[in-house]
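The values are calculated or read from the model by the stated rules, or taken from the named source; none is laboratory data. Small disclaimer: the values here were computed from a predicted structure and weren't measured. Here Cβ is always computed from backbone atoms with ideal geometry, including for glycine, and neighbour counts include all displayed protein chains.
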Amino acid sequence: MWRVGTVVALHDETAIVRTIRLKVPDWPSHVAGQHVDVRLTASDGYSAVRSYSIASAPNSENYVELTIERLPEGEVSPYLTQEVAVGDRLELRGPIGGWFVWRRCQTEPVQLIGGGSGIVPLMAMIRSRSVWRSTAPFRLLYSAREPSAVLYQDELHALSGHDCPVTVTYAYTRATPKGWPRPPGRVDASLIANTTWPANLAATSYVCGSTSFVESIAGLLTASGHEPDKIRTERFGPTGERK
Amino acid sequence: MAIISRGFSGRRAAADVKLPPGQYLTTDFPVLSAGPTPSVPLDSWQLTIDDGSRVLRKWDWKSFRELSSESFTVDLHCVTRWSKFGTSWEGVSLDTLLAEVKTDASYAFVHSYGDYTTNLPLKDLLNKQAWIAFRFDGENLAPEHGGPARLLVPHLYLWKSAKWVRRITLTREDKPGFWEGLGYHNYGDPWREQRYWGE
């Protein structure tokens, strides 16, 4: 069933990443980590559909936010990040997905590990945790190319001031802020050991990013003693356009 | 009636390309799995066919690779909407694996290393429709794509083609596997666009 959402706000997160806020009157609410299918239709009836993770927490106003990275060769993402204007209507189906989700009844420690725009469904989990006033211990390890590529910067920064904070660690792969203690590079075993929940806490881990990122991180987590069935993964590549 | 997306023209596939509804063509090979990629050493690898209580057939890697295999080229359709045409594989047909199995079962429940499961009607595994594949594009199958060996049932959405397959249980009763229990369609025919429950 296709629902209709009206674009009510647009926000550029970075030069190539935009958040679209939609008002969806018949939205049935969602769980953090779920995604939607978005359908675009040309005037001759040709249509294209892609999946995007929901960035927003459930709310009573029926708002749904999608954060979308523009892929140079993409068919749908250039339209959504450049053409769409406030007032436009978009068709979407969902929410979809019952595995890569964080539910409010979960009280165990949570380890979020995101690469690039893989942060998006993890941000929905962080936002849901706030909305539900959950005290589940959350940690986020966020790998980005460079400081200017970090999404939700101000919001993530503000998290450290809460009573029950989410601990955020940044890792940069190409360029770091001035004076940053760690040289640019991929997330490695020592960063995992020093900044994520130890395996004996039996945290649930959510890993989202490119295939190579997820393969590498999931391998590091299992090598450091995490049970494979406590590691949930979501992969996207240029082809999947999953955010 | 769909809403027209103002200013959207899209990128159509060539007219002679026949895609299932809602799919688009890709040339690379995306990976989708629910958890970490299991490491499956060949010296402990096993493939079992059972009926839920009795083992009906069993192979280790050596005896599995001694079975006659075939090369085949098929199109793949993933529920996340990409399709990939003309992929070349080598594997053992399920017709070969099930040749000496006598059963009155109607369903198959497939288990993977790493505890993934999926279900499908037994008839969808027969008659040159399904293989246990161990080579892709002339190379040993990479772990992230299901190596050392995966089920391949290309006429259904790709989540039915369980990676890292280790056991096939033949049953009289159907029961949902991993994604089927999480909202995905029980059968998953891409040409009828059976993505989610209720479609």
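Here A:L220 clears all of (1) more than 14 Å from every other protein chain (Cβ to nearest Cβ); (2) out of contact with any Gly (no Cβ under 9 Å at 6 or more places or on another chain) except the condition numbered (1). A residue that is modelled with pLDDT of 95 or more, under 16 Å from B:D51 (Cα atoms), buried (at least 20 other Cβ atoms within 10 Å of the Cβ) and among the hydrophobic types (A, V, I, L, M, F, W, C) occurs somewhere in the stretch B:169-182.
Just one of the listed residues (B:D75, B:D51, B:D60) is surrounded by 12 or more Cβ atoms within 10 Å (Cβ to Cβ), more than 14 Å from chain A (Cβ to nearest Cβ) and under 30 Å from A:E73 (Cβ atoms), namely B:D75. Taking (1) at pLDDT 95 or above; (2) away from chain B (no Cβ under 11 Å) in turn, A:L92 satisfies each apart from (2). Restricting attention to the stretch A:26-55, the residues that are over 16 Å from the mean Cα position of the chain (by Cα) and more than 14 Å from every other protein chain (Cβ to nearest Cβ) add up to 3.
Among residues of the stretch B:79-94 that are more than 14 Å from chain A (Cβ to nearest Cβ) and at pLDDT below 95, none has a Cβ under 7 angstrom from a residue that is assigned to a strand (DSSP E or B) and crowded, with 22+ Cβ neighbours inside 10 Å at a sequence gap of 6+ or on a separate chain. For the stretch B:114-133, a residue qualifies if it is under 23 Å from A:T211 (Cα atoms) and surrounded by 21 or more Cβ atoms within 10 Å (Cβ to Cβ), and the qualifying residues are B:Y116, B:T118, B:A133. If you check A:S148 against the conditions, is it assigned to a helix (DSSP H, G or I) and buried (at least 18 other Cβ atoms within 10 Å of the Cβ)? No, not satisfied. Annotation: A:P72 fulfils all but one of (1) surrounded by 14 or more Cβ atoms within 10 Å (Cβ to Cβ); (2) of a type outside the set (D, E, K, R); (3) closer than 23 Å to A:F213 by Cβ; the unmet one is (1). Number of residues in the stretch A:67-111 that are touching a Lys or Arg at 6+ places or on another chain (Cβ under 7 Å) and within 30 Å of A:A199 (Cβ to Cβ) equals 3.
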